[in-house]
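Rule-based calculations on the coordinates, nothing more; no lab input. Just so you know, these numbers come straight off a predicted model, no measurement behind them. Cβ placement follows ideal geometry from the backbone for every residue including glycine, while neighbour counts extend to all protein chains displayed.
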Amino acid sequence: MSEKPTVEEYLQNIQEGKFKAYKCVECGMVIAPPSGSCYGCGSSKMEWTEVSGKGKLVSFTVIHIAPDEFAEEAPYYIAIVELEEGTRVSARLLGYDPLKPEEVRLGIAVKMEYETIASGRKYLAFRPI
Amino acid sequence: MPLNNTNIVSAAQTKFGVLQGVSQREMFAEAVDKATIDAGVPKKDIQAAFIGTFIPEMLVHQGHTAPLLLDFAGLKGIPATRHEAACASGATALRAGIMAIESGMYDTVLVAGAEKMTSSTTPEVTEALAAAADDQFESSIGLTFPGVFGIAAVAHMQKYGTTEEDMARVAVKAHKNASTNPLAQFQKEISLEKAMTPRYIAWPLKLFDCSPISDGAAALVLTSNEKAKEYTDLPVKITGTGQASASMNLCDRDDLSSFSASVDASRIAYKMAGLQPKDMDFAIVHDCFTIAEIIASEDIGFFKPGEGAKAVRDGLTARDGDKPINPMGGLKAVGHPVGATGVKQIVVAYRELLGDAGPNQVSKHDNAVVHNFGGTGATCVVNVLRRADV
């Protein structure tokens, strides 16, 4: 966990179902998705950190018209989730009917998991606790 | 200090819409001819060109577009540079033109934008437009452009109680204004009921909340004060210009109900012009989606945060309202050929300021603010314009 983190590894970790965030070596700010410099102190020294996987739903949408690559998955939720550690990520939202988005409440507690599609590809995802 | 030397002496656009059989270079040349020959500005006077176009590589398989377009339009030889900032490409080209004139390097320059989009399929265009978002962290999980604004809409609805009907009213207004604009893609009014048709693109955004896929070009000529007299007695001056950036990723934003780059760019532009939002007679804002107009009307200071939807309901932003917004129909109903949009917005402001907008003329037209927005809001450009005799 001490090597310099890279974007490629960040994405690979998600594919392996082992999400890790960046952490600023100087000030300790947890950052995901990756940034080359800390939003808190500007340092570019980063290391990997584990996160609790708990967070809250900040906002979302349901994609009905998708590019070809995602067309078979539509409609699907995309959400912005704020992790307990303070950083926000974009991810899929599970556990709700995409045709009943009015049932989703912002601010609810969610827990990190992964959505695996037919091709075997994984998306970072969250589900209400 | 207000900018003092930048004058718009001509400004024109092609029709926007599905321009069947018209290539990017042909529509570009048409806009240039309208802004030069037809406006009494000889092409030989143009010393440099700044051109906005977003994704010709993906949509028409053409890179290095600036010299190509310029050559076709009869301007070969002069410096030609392409500017790309997603949907704000046109306004970033304009800013380069402003700096070229203000620096004294040139007396007369061309600013133009063009995009050919309708020769591609909707999924192809959707995928190409997604290049304006962060490919590795957001587009790659299936977030689309309508999705970006869907997320902003949900945040705005939650925070301020904005409704789907409020957004639909923006579409109704846009179509009403465009119904008398012969250059618009949709010259037809729609009812509120029609605007509410539940054909979701990215919930809560429906078909009528979204700007269309369009072809089109726009061009204008900027000159120094001295040179402007050769072409017109009444130029429009650009007195303030601002540009700001924000994170590409939506998830890196603290507030999803406002776009910080719009707030920042507009404050810079107003300060430079020495004016306030209350001094602006009307606004041209980047209504790529209906919610984008509501948020922009707040971000540029026309209304307080959360009061943009009420302003639409109360008719304040109608053509005959106190604070008209997009009186010729906006991106929503006139069309959104991405690279042309930022230049076309200036064309609209120019015509309105001069009193040359026909049935779409606003009653007070001394000062205007123009807001052009790129991608997820990672770039925003705001310009403040004034008729020279004010």
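Report the Stokes-Einstein translational diffusion coefficient (µm² s⁻¹, integer) for chain A, Rh taken as the Kirkwood radius over Cα pairs, at 4 °C with viscosity 1.567 mPa s. Here the translational diffusion coefficient equals 84 µm²/s. Most simply put, the protein assembly as shown has about 80% antiparallel DSSP beta bridges, counting only bridges with both residues inside it.
Summary of the geometry: region B:73-135 and region B:181-237, compared by the centres of their Cα atoms, lie 16 Å apart. The alpha carbon radius of gyration of chain B, expressed as a multiple of 2.2 N^0.38 Å, is 0.89. Taking a point 7 angstrom from the Cα of B:THR163 along the C-beta vector, which residues in region B:309-323 have backbone N less than 15 Å away? Answer for region B:309-323: B:309-315. Partners of B:LYS15 within straight-line reach, counting aspartates and glutamates whose Cα lies under 13 Å from its Cα and excluding those fewer than 8 residues away in the same chain: B:GLU26, B:GLU30, B:GLU115, B:ASP215.
Applying 1/(1 + (r/R0)^6) with r as the Cβ-Cβ distance of A:LYS111 and B:LEU192 and R0 = 56 angstrom yields a FRET efficiency of 0.85. Counting only lysines at least 8 places from B:LYS304 when in the same chain, those with an alpha carbon closer than 17 Å to its own are B:LYS159, B:LYS278, B:LYS323.
Using alpha-carbon pairs under 8 Å, 6+ residues apart, how would you state the relative contact order of chain B in percent?
Relative contact order here is 26 percent.
Based on Cα coordinates alone, diagonalise the gyration tensor for region A:1-66, multiply each eigenvalue by 5, take square roots, and list the semi-axes in whole Å, largest first. Let's see the in-between values first.
Working: eigenvalues 113, 46, 29 Å².
They are 24, 15, 12 Å, listed largest first.
Take each residue of peptide A:49-61, count the partner chain Cβ atoms within 10 Å of its Cβ, and average: the result is 4.
Using equal-weight Cα scatterers in the Debye expression, the normalised intensity of the protein assembly as shown in log10 at q = 0.10 Å⁻¹ is -0.76.
The calculated P(r) of region B:186-275, using every Cα pair and 5 Å bins from 0, goes 3, 9, 10, 10, 13, 16, 16, 12, 6, 4, 1 in percent.
In deg cm²/dmol and to the nearest 500, what is the mean residue ellipticity at 222 nm of the protein assembly as shown if only DSSP H runs of at least 4 residues count, each as -39500 (n - 2.57), divided by the residue total? Intermediate values should be presented prior to the final figure.
On the way: 15 runs with 146 residues, N = 519.
When only DSSP H runs of four or more count, the value is -8000 deg cm²/dmol.
How many angstrom lie between the C-alpha centres of region A:1-45 and region B:304-338? Cα centroid of region A:1-45 versus Cα centroid of region B:304-338: 42 Å apart. Ignoring lysines fewer than eight residues from B:LYS229 along the same chain, the ones with Cα atoms less than 22 angstrom from its Cα are B:LYS34, B:LYS43, B:LYS44, B:LYS237.
Taking packing as the residue-averaged number of other Cβ atoms within 10 angstrom, the listed peptides B:210-220, B:234-244, B:116-126 run from highest to lowest as B:210-220, B:234-244, B:116-126.
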